[in-house]
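See below for the structure under consideration.
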Amino acid sequence: MKNLWIIANWKSNKSIGEALDWVSQVGPKLIESENVKVVVCPTFSCLSEVSKAVKVGGYPLIVGSQDLSPFSAGAYTGEESASLIREFVTVSILGHSERRQNFSETDEMVEKKVAQALENNIIPLVCVQGEETPVPSNCKLIAYEPVFAIGSGTPDTPDNADKVAASLKEKNGSDLEVLYGGSANSENCKGFLQRDNINGLLIGKASLDPEEFVRIIEVAQTL
């Protein structure tokens, strides 16, 4: 039975109150599962409170960050180092296309962030835009997110996403887990999750709605 990661990427959305409301709605509906791993990645400002709410509720919900610094702790104004957020998170999304586009992140910078994550026992989830995007060494979890599909409502096809995932595994090792990201929702998620080479979903807009997100998890748990 393959692992299925269902990861909520809230991007720059939700106040602390809204975040806690989401956790209170989603958490009680989650069922402990050996192969379905549910992750929520809130804003940095919400990390502490979301982490606390998950622990107090005893929910099978993993907390992640949407980024982390390529530097260690120190004189790096505005940065959140892996060593400072590791008490809150297990996973970190790195190299998302929005950061590459809006903040000029390079493959080299992403590689440095991966190194910081691994050094601090955080699982790096590296976003790649296609087969040509390099996967940093020692990174075993990536998300294929074609730029045209992000926030557009027009996802890639499950067949093509599976082909890309297969190619990425062939290039980077069969133990690589590849997620799909880009306009995934409860209506189309099954088509992706059923494919042999796809190990889950990185979900943006659809993850903001707790009921919609739970529906996606329920689909994953039936497979």
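The values are calculated or read from the model by the stated rules, or taken from the named source; none is laboratory data. Just so it is clear, the model here is predicted, and its values are computed rather than measured. Backbone-built Cβ (ideal geometry, glycine too); neighbour counts: all protein chains shown.
Just one of (1) surrounded by fewer than 22 Cβ atoms within 10 Å (Cβ to Cβ); (2) under 21 Å from residue 1 (Cα atoms); (3) among the aliphatic types (A, V, I, L, M) fails for residue 115. It is (2).
Here residue 69 passes the criteria (1) modelled with pLDDT under 95; (2) buried (at least 18 other Cβ atoms within 10 Å of the Cβ) except the one numbered (1). Can you name every residue in segment 164-186 that is out of contact with any Pro (no Cβ under 7 Å at 6 or more places or on another chain) and within 25 Å of residue 152 (Cα to Cα)? Passing the criteria: 164, 165, 166, 167, 168, 177, 178, 179, 180, 181, 185, 186. So for segment 107-130 (the condition being more than 29 Å from residue 33 (Cα to Cα), assigned to a loop (DSSP other than H, G, I, E, B) and without any contact (Cβ under 8 Å) to a residue 12 or more places away in the chain), does at least one residue qualify? So far as segment 107-130 goes, no, none of its residues is more than 29 Å from residue 33 (Cα to Cα), assigned to a loop (DSSP other than H, G, I, E, B) and without any contact (Cβ under 8 Å) to a residue 12 or more places away in the chain.
Restricting segment 1-18 to residues that are assigned to a loop (DSSP other than H, G, I, E, B) and touching a Cys at 6+ places or on another chain (Cβ under 7 Å), the residue that is farthest from residue 39 (Cα to Cα) is 14. Within segment 130-156, being of a type outside the set (A, V, I, L, M, F, W, C) and buried (at least 18 other Cβ atoms within 10 Å of the Cβ) holds for 133, 136, 144, 145, 146, 155, 156.
Out of the residues in segment 173-208 meeting the condition of being of a type in the set (Ser, Thr, Tyr) and either assigned to a strand (DSSP E or B) or modelled with pLDDT of 95 or more (or both), tell me which one is nearest to residue 134 (Cα to Cα). Here the residue is 180. The criterion of being of a type in the set (Asp, Glu) and either at pLDDT below 95 or closer than 23 Å to residue 99 by Cα (or both) does not hold for residue 21.
Being in a helix (DSSP H, G or I), over 15 Å from the mean Cα position of the chain (by Cα), touching a residue at least 40 places away in the same chain (Cβ under 8 Å) and surrounded by fewer than 17 Cβ atoms within 10 Å (Cβ to Cβ) is true for just one of 218, 170, 211. Which residue is that? After applying the criteria, what remains is 211. Set side by side, the residues 27, 64 differ, and just one is in a strand (DSSP E or B) and under 27 Å from residue 191 (Cα atoms), which is 64.
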